[in-house]
1. Which of the residues spanning the stretch 414-440 are buried (at least 22 other Cβ atoms within 10 Å of the Cβ) and under 27 Å from HIS481 (Cα atoms)?
2. Restricted to the stretch 450-462, and to residues that are touching a strand residue (DSSP E or B) at 6+ places or on another chain (Cβ under 6 Å) and more than 16 Å from the ligand (Cβ to nearest atom), which residue is most open to solvent (accessible area, probe 1.4 Å)?
3. Can you name the residue in the stretch 141-158 that is more than 17 Å from TYR281 (Cβ to Cβ) and in contact with a strand residue (DSSP E or B) (Cβ under 7 Å, 6 or more places away or on another chain) and, of all such residues, is most open to solvent (accessible area, probe 1.4 Å)?
4. Return the residues of the stretch 598-607 that are farther than 16 Å from GLY644 by Cβ and in contact (Cβ under 8 Å) with a residue 12 or more places away in the chain; say none if nothing qualifies.
5. Tell me which residues, restricted to the stretch 159-187, are open to solvent by 20 Å² or more (accessible area, probe 1.4 Å), over 23 Å from LYS581 (Cβ atoms) and either part of a helix (DSSP H, G or I) or in contact with a Gly (Cβ under 8 Å, 6 or more places away or on another chain) (or both).
6. Check GLY319, GLY273 and return the single one that is within 16 Å of the ligand (Cβ to nearest atom) and under 19 Å from GLY162 (Cβ atoms).
7. If you scan the stretch 299-325, which residues turn out to be more than 28 Å from ASP369 (Cβ to Cβ) and open to solvent by 10 Å² or more (accessible area, probe 1.4 Å)?
8. Could you list, in sequence order, the residues of the stretch 383-406 that are open to solvent by less than 10 Å² (accessible area, probe 1.4 Å) and more than 24 Å from the chain's Cα centre (by Cα)?
Amino acid sequence: MTDTSYPVPAAFAAKANLTPADYKTLYDRSISDRDGFFAEQAKRVQWMTAPTHVGSWSFDSPVKIEWYKDGVLNVTESCLDRHLDARGDKVAIIFEGDEPGDSTTYTYTELHREVCRFANVLRDRGAKKGDRITIYMPMIPEAAFAMLACARIGAVHSVVFGGFSPDALAGRIVDCDSTLVITADEGVRGGRKVPLKVNADAACEIAAKAGVTVKTQLVVQRTGATIAWQTGRDIWLHEATKTVVDDCDPEPMSAEDPLFILYTSGSTGQPKGVLHTCGGYLVWAAMTHDYVFDLKEDDVYWCAADVGWVTGHTYIVYGPLANGTTTVMFEGVPTYPDASRFWQVCDDHQVSLFYTAPTAIRALMREGDGPVTATSRKSLRLLGTVGEPINPEAWDWYFNVIGETRCPIIDTWWQTETGGAMIVPLPGTVDMKPGAGTFPMFGVEPALVDAEGQTLHGTAEGNLILKTSWPGQMRTVYGDHARFEQTYFSTYPGNYFTGDGARRDADGTIWITGRVDDVINVSGHRMGTAEVESALGSHPAVAESAVVGFPHDIKGQGIYAYVTIIAGVDATDELRRDLVKHVRKEIGPIASPDMIQFSSGLPKTRSGKIMRRILRKIAANEYGNLGDTSTLADPSVVEALIDGRAIL
Ligand code: WTA
């Protein structure tokens with residue numbers, strides 16, 4: 001972390017939507033007159049019945065959070081219908097396929113039609129308000145159509161990242177009792193095929209054994225691959241849409257009706273279904289998308305995330321479309337066919353606002369400046385980052401080489417749970433400090449606390465909490481409200497605990513330092529250590545395992561697994577490879593351990609609790625300061641682990 005501060009580039013500041021004074025005025029008002037402020041923000045959205053209530057919540061048990069509760073809306077009217085008059089011919093989605101040159105566009109009029117037809121297909125299959133629909137798709141426009149089609153009929157979508165395994169997909173299908181799955185024959189990424197339908201079929205089988213029978217698989221044809229077909233259950237989207245009409249009445253939804261569930265990893269147990277509702281989420285998505293990106297009508301905006309993550313939900317689909325923006329959907333990867341791809345796409349589509357994760361920047365930085373300087377990038381005026389702390393070297397490269405010092409870097413801290421950006425240097429309003437989220441978004445009240453919950457003032461480092469609610473806040477863990485309270489509101493009662501640590505400098509600038517719980521952030525993707533341990537534990541050779549994160553040059557954090565194998569099994573490299581394969585099968589490639597250390601024992605307290613603090617230090621090669629090891633049941637375990645680390 002560096003405290004060097006960079007002024008907002010002058011040419012950008014001259015045209016920015018907000019001045020430093022605007023930020024202060026709006027922020028102060030958002031706190032002192034929260035209801036007034038958010039009543040105005042609600043006007044960003046089209047309501048069937050405008051709300052008279054604004055926010056009401058309790059962070060004490062029973063936790064209950066409501067925004068705009070008497071409002072009625074359908075989010076797709078804000079994202080589609082209301083643009084038809086003024087922006088009907090404006091491009092809503094630019095699709096950029098995996099292969100350069102494979103590109104299509106949809107205007108708002110075309111998108112409206114596609115979504116209505118898709119929604120009619122869902123209705124024909126019996127889907128209705130409140131049903132949970134699982135979407136397991138590549139990054140193609142149909143993924144956005146599917147999400148919006150669900151919203152159109154009031155069904156709750158649960159998008160599962162296309163990189164998850166059949167087991168992981170099945171777990172999510174079962175958890176929310178979803179009997180309709182939308183998928184594609186195959187996905188394509190970086191020139192490689194992803195067998196989505198094969199995986200979805202396998203997931204359906206696993207789900208059936210757990211008591212949930214998928215009745216419909218709606219399949220989008222992407223590659224034309226030959227796939228297995230179960231008549232009655234499986235239907236092609238392109239065939240089903242032949243018989244439907246172009247219009248579909250939007251289902252009236254209460255502001256507090258669910259819009260989507262998105263599974264995310266936590267400290268303990270299996271991923272939880274983060275539930276967002278219609279009204280508050282959309283207001284937050286639209287508001288933050290506008291402010292964070294200094295949005296102008298003629299911007300071409302590209303968020304290079306995947307719709308399988310919350311960033312894709314809020315900043316590829318809902319935020320940009322609610323604001324009538326042209327949004328790019330990219331199917332590929334940053335390095336295919338070569339490391340110029342991102343910047344080539346920016347040139348081809350004249351992208352002005354670009355948003356990605358630090359891990360992508362680091363991976364591209366490794367390839368040198370050549371692939372960048374081979375492109376123009378003159379259309380770019382703002383660069384955003386999300387998902388993990390950005391190291392100063394990557395920040396500098398993004399700022400100097402990619403943006404040629406012309407574009408502010410907007411480092412947005414937020415979470416699946418927060419629905420949208422929470423701590424961010426709003427463009428034009430504040431000097432940038434590499435790695436700093438800087439200041440809170442309107443209505444957000446962060447605080448730093450110590451382990452006992454004492455508020456820390458001034459220059460300090462501690463755990464990050466949020467003291468009050470905001471419209472985009474998750475409302476519950478699907479099907480498990482007790483877990484919601486326990487996870488977020490029990491550590492610091494009366495406050496929302498983020499799971500992140502942060503520090504604040506003398507200017508009040510906030511820096512997110514990373515997770516303080518057992519969540520690892522791998523390439524900007526959240527992974528629970530407990531999930532990986534549970535996957536490892538289901539391998540027949542494993543007696544016990546402990547998983548921690550360790551510093552990784554490209555991924556930010558890598559996955560380090562300590563594995564104790566059962567007696568009689570040999571600790572070989574082949575077993576290591578088999579364990580990695582097993583985790584990929586159980587969860588997916590993103591959970592692959594980067595390092596596996598076979599260990600004869602794990603450091604435990606006398607009560608049997610694994611001391612992860614020690615394991616993290618060993619994984620990070622920091623043996624010097626292991627802290628107090630006197631409470632260990634068997635301190636010699638630590639020596640053995642250090643010896644084992646050295647030979648890796
Ligand atoms: C981390 C992604 C530092 C953080 C939107 C958080 C960040 C977790 C940043 C949420 C950032 C996200 N700087 N850390 N700008 N953005 N994080 O739910 O640890 O996938 O708690 O949401 O990512 O990850 P999630």
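1. Answer for the stretch 414-440, where residues must be buried (at least 22 other Cβ atoms within 10 Å of the Cβ) and under 27 Å from HIS481 (Cα atoms): TRP414, GLU417, THR418, GLY419, GLY420, ALA421, MET422, ILE423.
2. Looking at the filtered set, the residue picked out is THR455.
3. GLU142
4. LYS604, THR605, ARG606
5. VAL174, ASP175 - these are the residues of the stretch 159-187 that are open to solvent by 20 Å² or more (accessible area, probe 1.4 Å), over 23 Å from LYS581 (Cβ atoms) and either part of a helix (DSSP H, G or I) or in contact with a Gly (Cβ under 8 Å, 6 or more places away or on another chain) (or both).
6. GLY273
7. TRP309, VAL310, ASN323, listed by residue number.
8. Hit for the stretch 383-406 is GLY403, nothing else.
The values are calculated or read from the model by the stated rules, or taken from the named source; none is laboratory data. Quick caveat, the model's predicted, so the values are computed rather than measured. So basically every Cβ, Gly included, is an ideal-geometry build from the backbone, and we count neighbours across all protein chains shown. All accessible areas refer to the heavy atoms of the entire protein, side chains included, with ligands and DNA or RNA removed. Shrake-Rupley method; radii C 1.70, N 1.55, O 1.52, S 1.80 Å.
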